[in-house]
Amino acid sequence: DATLYSGASALDFVDNFGTSLIGALADCRGPPPSIGSCRPRMLILHGEAADSSVMTLSLQVTGWHQLLSTFVDLVFVDAPHMCSPQPELYPGLATRGKYDRSSYCSWGLGETGDDESANARLATTLEYVEAVVAASEVEAIGGMCDGALVAALVAARKPHLRWYLNIAGPSRSR
């Protein structure tokens, strides 16, 4: 049920923002030569202390997975760094036993340390996601929370990405 994740649902999005994104996703201007079909692929990046299975479940219970899958093939990937669980970020999943691993994945944005190590983590993260973008031939990128921030950075650096989707992005202070 939708209480597993407390973010905005896909229906809330459509109600609040109309169908502009849906129209843009449906506006297929021809396939990239390497894909061979009109159906674009969107890379989805999970939030902090999560993984691709947590992200998939979060999108499913909020209706985002069904909505987006109507127009794009979704590609999920795990972040390159490991971290401890943070059940306070996923209380609905945690109370139902759906967030119970001993470690999860991180984009390395929230970790403390000096500027040099923070910059190194960010460089590793961007290099990793950009390699995934190249290998998976995606045309769009999006994410939730810290994943949305990483997706925005990659989208700004990769002009061939036609769409960027921010689902519950982090606060401006991040």
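The values are calculated or read from the model by the stated rules, or taken from the named source; none is laboratory data. As the structure is a computational prediction, the values presented were derived from the model and not from experiment. Glycine gets a Cβ as well: all are built from the backbone with ideal geometry, and neighbour counts include every protein chain shown. Protein only, heavy atoms only, side chains kept; ligands, DNA and RNA dropped before computing areas. Shrake-Rupley method; radii C 1.70, N 1.55, O 1.52, S 1.80 Å.
One table, with the values for the structure above:
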| quantity | calculated |
| --- | --- |
| Positions within region 124-150 being part of a helix (DSSP H, G or I), touching a helix residue (DSSP H, G or I) at 6+ places or on another chain (Cβ under 8 Å) and under 18 Å from Val72 (Cβ atoms), in sequence order | Val129, Val133, Gly147 |
| Conditions (1) open to solvent by less than 60 Å² (accessible area, probe 1.4 Å); (2) under 14 Å from Leu161 (Cα atoms); number of the one not met by Glu137 | (1) |
| Near pairs, Cβ below 7 angstrom, 6+ apart or cross-chain, from region 155-168 (in contact (Cβ under 8 Å) with a residue 40 or more places away in the chain and β-branched (Val, Ile, Thr)) to any residue that is open to solvent by less than 80 Å² (accessible area, probe 1.4 Å) and part of a loop (DSSP other than H, G, I, E, B) | Ile167/Gly7 |
| Condition check for Gly143: open to solvent by less than 10 Å² (accessible area, probe 1.4 Å), within 16 Å of the chain's Cα centre (by Cα) and closer than 22 Å to Pro40 by Cβ | yes |
| Hits in region 108-123 (condition: within 17 Å of Asp51 (Cα to Cα) and in a helix (DSSP H, G or I)) | none |
| Matching residues, region 125-134, being at pLDDT 95 or above and not acidic (Asp, Glu) | Thr125, Leu126, Tyr128, Val129, Ala131, Val132, Val133 |
| Inter-residue pairs, beta-carbon under 8 Å, first free of Cβ contacts under 8 Å to residues at least 40 places away in the same chain and in region 124-136, second open to solvent by 30 Å² or more (accessible area, probe 1.4 Å), 6+ apart | Leu126/Leu153; Leu126/Arg157; Glu130/Arg157; Glu130/Lys158 |
| Count - residues of region 153-169 that are part of a loop (DSSP other than H, G, I, E, B) and of a type in the set (A, V, I, L, M) | 2 |
| Enumerated strands (runs of 3 or more DSSP E) restricted to region 51-107, each holding at least 3 residues that are open to solvent by less than 50 Å² (accessible area, probe 1.4 Å) | 73-77, 104-106 |
| Filtered residue count, region 119-146, keeping only those that are touching an Asp or Glu at 6+ places or on another chain (Cβ under 8 Å) and within 18 Å of Leu59 (Cα to Cα) | 2 |
| Pick from region 124-134, criterion open to solvent by less than 40 Å² (accessible area, probe 1.4 Å) and among the aliphatic types (A, V, I, L, M), ranking: farthest from Ala50 (Cα to Cα) | Val133 |
